[in-house]
Amino acid sequence: MKQDIIINSTPQESRIAILEDDSLTEFLIERRRERGIVGNIYKGRVSRVLPGMQAAFIDIGLDKAAFLHVSDFSSAPEDVSNLLTGTEEEIVFEAPRPSPSRRLPIERQLSPGQEILVQAAKDPLGMKGARLTSHISLPGRYLVFMPTTHHMGISRRIDDEKERKRLKEIAQSLTVDGGGFIMRTACEGQSKREIQRDLAFLTKLWGR
């Protein structure tokens, strides 16, 4: 299958068209005034730890320090749907979740000056800095790869039971060297080969 990506960029906006076999399949527009930081990944430095709030402020190079709550840093997130920053996918889990481990106090996990990898979950608003998570999610065309979890899910928007069963079988056959993934709505009707290629791209991107 022939695939082309056409990009048109101006100071005001960027437009991206994706064509498959000369047919338009996706068209994206990003306007300068609408740009946020949600989904961006940063190597941040802990500036303050607040045991009373069970949170920390992280310096990610913006004017205001960003906010990281202990629930967004613990190694066993209880609500994986919150990890899908930058996407609107609804998910249904097709693999059992591990039992949530007892959450350690944030002061036992972080200390001032410590460097951590984080992702913006909410943009800064007013006097508040951005909200962060340490549970990274990388959206691709067909999948959302989550390198810090071991969950597998399928978009709830795919409501055909036969198709869900087919996708579940594909998901269970995919090999992931660490991490989990969500099958997005765009997976519907796609071959295992195409889905596998997307997963390979995302895992390679994470490994860089």
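Rule-based calculations on the coordinates, nothing more; no lab input. Everything numeric here is computed off the predicted structure, so don't read it as measured data. Virtual Cβ from ideal backbone geometry, glycine too; neighbours counted across all protein chains shown.
For ARG103 and GLN3, a Förster radius of 41 Å and the Cβ-Cβ distance give a FRET efficiency of 0.40, rounded to the nearest 0.05. By the count of other C-beta atoms within 10 Å, a proxy for reagent exposure, ILE18, ILE58, ILE7, ILE158 are ordered fewest to most as ILE7, ILE18, ILE158, ILE58.
In the neighborhood of GLU163, defined by Cβ-to-Cβ distances under 12 Å, what is the net charge if each Lys or Arg adds +1 and each Asp or Glu adds -1?
+1
Ranked by the mean number of other Cβ atoms within 10 Å per residue, highest first, peptides 60-70, 187-197 order as 60-70, 187-197.
From the cross-link list LYS2/LYS168; LYS2/LYS162; LYS43/LYS204; LYS2/LYS192; LYS43/LYS64; LYS122/LYS168, which pairs have alpha carbons spaced over 24 Å apart?
Numbers: LYS2/LYS168 27 Å; LYS2/LYS162 29 Å; LYS43/LYS204 19 Å; LYS2/LYS192 18 Å; LYS43/LYS64 15 Å; LYS122/LYS168 31 Å.
Violating the 24 Å limit, Cα to Cα: LYS2/LYS168; LYS2/LYS162; LYS122/LYS168.
Among ILE116, ILE106, which comes first, second and so on when ranked by fewest other beta-carbon atoms within 10 Å?
On the way: ILE116 17, ILE106 22.
Neighbour counts put them in this order, fewest first: ILE116, ILE106.
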